[in-house]
Amino acid sequence: MTHKKARTEGWNFDNSYARLPESFFTTMTPPPVSSPELVIFNEPLAASLGLDSQALQSKEGAALLAGNQIPEGALPLAQAYAGHQFGHLNRLGDGRALLLGEQITPQGERFDIQLKGSGRTPYSRGGDGRAALGPMLREYIISEAMHALGIATTRSLAVVATGESIFRETVLPGAILTRVAASHLRVGTFQYASKWGSADDLRELADYTLQRHFPEVGTEGNRYLLLLQEVIKRQAMLIAKWQLVGFIHGVMNTDNMALSGETIDYGPCAFMDVYNPETVFSSIDTHGRYAYGNQPPIAVWNLARFAETLLPLLDPNEEQAVKLAEDALSDFSESYHRHWLKGMRAKLGIFNEEAEDETLISGLLGMMQKDQADYTNTFKALTFDKPEDSVLFDSTEFKQWHKQWQARLGRQQESKADSQQLMRNSNPAVIPRNHRVEEALAAAVKQGDYSVMERLLEVLANPYAHAPEQEEYCALPGQSNLPYRTFCGT
Ligand code: AMP
Ligand code: MG
């Protein structure tokens with residue numbers, strides 16, 4: 001008799017995190033959910049991870065992605081970490097998530113596979129460990145949009161509706177998101193080790209982080225200083241990219257800053273429409289701590305918390321350690337500014353460098369703010385040099401600026417067509433506009449209709465295509481959708 005081998009999902013797990021000291025995690029089996037149903041699945045991502053889409057989209061697949069069954073080779077665990085939440089240090093940890101393990105892809109890359117919304121853990125504090133369908137779909141949409149925009153981010157593999165109700169201000173359907181990340185090492189992981197672990201724990205964590213994300217650093221020299229410098233560099237680049245597309249994270253607590261340099265923990269995030277550095281969408285950010293314009297200084301603040309945890313490793317002499325940390329932190333603003341300026345030049349079609357470029361850029365941003373111009377659509381209109389009727393484009397000030405800009409483009413070797421190509425590649429036609437995201441979520445959550453979300457995901461997958469069929473996704477929200485508010489994804 002021949003047995004047909006059951007189709008396997010393609011898991012290829014390693015569990016290196018579980019080899020860290022025990023205080024960093026708690027292994028546990030996820031509590032099962034009543035009736036898991038897969039509602040959205042990311043086939044291209046599955047393929048790149050070496051996973052079998054068909055097997056994962058079966059009934060057994062849904063059971064795995066809900067935590068009802070444990071994939072072969074996985075070792076589910078909740079990670080311990082801490083974090084400054086709106087400036088206050090708290091002991092946290094995965095209160096509603098479990099790391100299944102690290103999938104080693106056919107290309108030999110390593111990615112954390114995490115279930116978010118998987119139930120209570122020892123770190124849940126008062127929470128129920130669950131997540132609602134809307135916020136998990138929202139993370140799926142925004143993280144995939146960020147990826148397509150070319151911004152380092154955790155990815156979304158799948159969302160499973162649990163069939164259970166969760167209780168917030170109202171009763172909501174529950175869901176579990178499968179999150180894929182370079183790792184879930186956070187600034188808060190180091191804060192946890194520094195405050196609640198031993199000196200050895202901290203060193204092991206630092207060595208682990210170096211090996212996992214910065215293998216090129218090697219074993220020579222002051223490796224921990226290099227770790228700090230590399231993390232700072234990646235954050236400088238990441239935050240510059242956020243600013244260039246108008247992304248507002250919304251809750252830049254230190255537990256939500258990943259050492260890999262990926263955007264992580266999509267809660268009350270949103271894209272800015274009208275250009276204004278004070279823009280805040282999050283209902284809980286009453287003082288604007290995490291406003292658009294504050295993101296670079298907040299990143300420095302968070303990185304300073306990271307640097308503090310590393311002090312004992314930087315130098316045995318505390319004064320010297322502080323000096324090294326301060327010097328490293330002072331590099332952020334130069335590095336951030338360089339990335340931002342390069343990005344802004346590209347958004348305006350500028351290839352070479354002139355000292356006056358910054359004045360040109362700030363001139364435009366100043367007018368945009370004054371005339372309440374839409375950030376994305378203004379750059380899109382400039383890309384095609386088709387200023388539409390608007391307060392901004394009708395103003396004499398703008399017309400003057402436009403002349404200066406054209407003259408500036410004339411002072412480089414590249415042709416007009418080259419400039420336009422650069423602008424097309426640097427100015428997205430579509431971003432996940434708040435009203436479009438809400439519309440997709442409403443259809444999915446209220447009517448079980450995922451077609452609106454699928455169509456939105458398709459458009460967001462090619463943000464630089466500037467295709468005619470994307471045009472309707474560039475429209476601004478009607479007055480009834482304003483002002484937009486976001487809520488923490490809990
Ligand atoms: P977040 O705001 O999602 O970054 O989460 C901050 C902290 O609260 C983390 O430690 C989460 O694990 C925890 N948390 C968020 N939601 C829940 C929940 N529903 N149940 C338990 N813990 C939660
Ligand atoms: Mg978080």
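Computed from the coordinates by the stated procedures, all read-outs in this text should not be read as laboratory data. The structure presented is a predicted model; accordingly, all values stated were derived computationally and were not measured. Cβ sites come from the backbone with ideal geometry, for glycine too, and all protein chains shown count toward neighbours.
For the range 456-468, enumerate the residues that are within 20 Å of Met146 (Cα to Cα) and either over 20 Å from the mean Cα position of the chain (by Cα) or aromatic (Phe, Trp, Tyr) (or both).
At the first step, the residues of the range 456-468 found to be within 20 Å of Met146 (Cα to Cα) are 456-467.
Matches in the range 456-468: Tyr464, Ala465, His466, Ala467.
Could you please find all residues in the range 354-393 being closer than 18 Å to Tyr292 by Cα, hydroxyl-bearing (Ser, Thr, Tyr) and touching a residue at least 12 places away in the same chain (Cβ under 8 Å)? Passing the criteria: Tyr375, Thr376, Thr378. Considered as a group, the residues in the range 111-134 that are touching a residue at least 60 places away in the same chain (Cβ under 8 Å) and surrounded by fewer than 15 Cβ atoms within 10 Å (Cβ to Cβ) include one that is farthest from Val445 (Cα to Cα), and that residue is Pro122.
Under the condition of being away from ligand 1 (no atom under 16 Å from the Cβ) and surrounded by fewer than 22 Cβ atoms within 10 Å (Cβ to Cβ), the residues counted in the range 262-285 number 5. When Gln400 is tested against (1) assigned to a helix (DSSP H, G or I); (2) in contact with a Lys or Arg (Cβ under 9 Å, 6 or more places away or on another chain), just one condition goes unmet, and that condition is (2).
Taking the criterion of being out of contact with any Leu (no Cβ under 6 Å at 6 or more places or on another chain) and under 30 Å from Asp200 (Cα atoms), would at least one residue in the range 31-39 satisfy it? Give the steps one after another, and end with the answer.
Initially, the range 31-39 is screened for residues out of contact with any Leu (no Cβ under 6 Å at 6 or more places or on another chain), giving 31-39.
Checking the rest, the ones that are also under 30 Å from Asp200 (Cα atoms) come to none.
There is no residue in the range 31-39 that is out of contact with any Leu (no Cβ under 6 Å at 6 or more places or on another chain) and under 30 Å from Asp200 (Cα atoms).
The numbered conditions (1) closer than 17 Å to Val159 by Cβ; (2) among the hydrophobic types (A, V, I, L, M, F, W, C); (3) more than 20 Å from the chain's Cα centre (by Cα); (4) crowded, with 16+ Cβ neighbours inside 10 Å are all true for Leu441 except (3).
I'd like the residue in the range 100-112 that is more than 12 Å from Met28 (Cβ to Cβ) and in a strand (DSSP E or B) and, out of all such residues, is farthest from ligand 2 (Cβ to nearest atom).
Within the range 100-112, the first condition is being more than 12 Å from Met28 (Cβ to Cβ), and the residues that meet it are 101-112.
Applying the additional criterion that residues be in a strand (DSSP E or B) yields 101-104, 110-112.
Working: Gly101: 20, Glu102: 20, Gln103: 21, Ile104: 26, Arg110: 21, Phe111: 18, Asp112: 14 Å.
Here the residue is Ile104.
Within the range 411-450, restricting attention to residues that are of a type in the set (A, V, I, L, M) and touching a residue at least 60 places away in the same chain (Cβ under 8 Å), the residue that is farthest from Ala465 (Cα to Cα) is Val445. For the range 238-262, how many residues meet the condition of being assigned to a helix (DSSP H, G or I), of a type in the set (S, T, N, Q) and more than 11 Å from ligand 2 (Cβ to nearest atom)? Going through the range 238-262 one residue at a time, the tally reaches 1.
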